[in-house]
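Let me begin by presenting the structure, written as structure tokens, before commenting on it.
Just so it is clear, none of the values below were taken in a lab; they were calculated from the coordinates. No experiment lies behind these values; they were computed from the predicted model shown. So basically every Cβ, Gly included, is an ideal-geometry build from the backbone, and we count neighbours across all protein chains shown.
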Amino acid sequence: MIGKRDKWKGLLGLAFCCVLVSCGVVGDAWEMGRTGGAASDQIMLVRAEPPSLGHRRLVSQSGVYPDLGIFLGQRGAPDFVAETNSGDRHYLILYYLDRREAYACRTKAPRTREVEFAGPYAITEREFKTLSGFKRDGQMKRGNL
């Protein structure tokens, strides 16, 4: 039987696999819908200036899920966020490169605003190198390197 921790690790691995395929105001339903489609099954760079898609998604999701806002207030913004859906659940994976760890969160039920958090999970050396390269490339495109 697969344990809860193994399921979360599997989801974390699934989210990371999305990066190999493609990388790429609160309460405003139009913005949620517009960015939601672009964010589905993606790993996104989180950058406040200029605001990246990952940053906009975290801001909007924090409005929907207040516990996510509290979590981010305590731990700070991640370097990357991955989003995916499975059945009636919504999943976010938050990657913190400086700490080499990731957290998984999922909605508890479609009509609640509650989320469950799991982690921290260690980021593998391969994940770290891949995401660090994406972050460096994102900074180079901004001209900040």
Quiz prompt | Approximate spin-label separation Lys129-Glu101, in nm, with each point projected 7 Å along Cα-to-Cβ | solution = 2.4 nm
Quiz item: Stretched out fully, how many nm does the piece from Ser86 to Asp67 gain, at 0.36 nm a residue minus the Cα gap?
Solution: 4.8 nm
Quiz item: With each label point set 7 Å from Cα along the Cα-Cβ vector, what nm distance links Arg113 and Asp137?
Solution: 3.7 nm
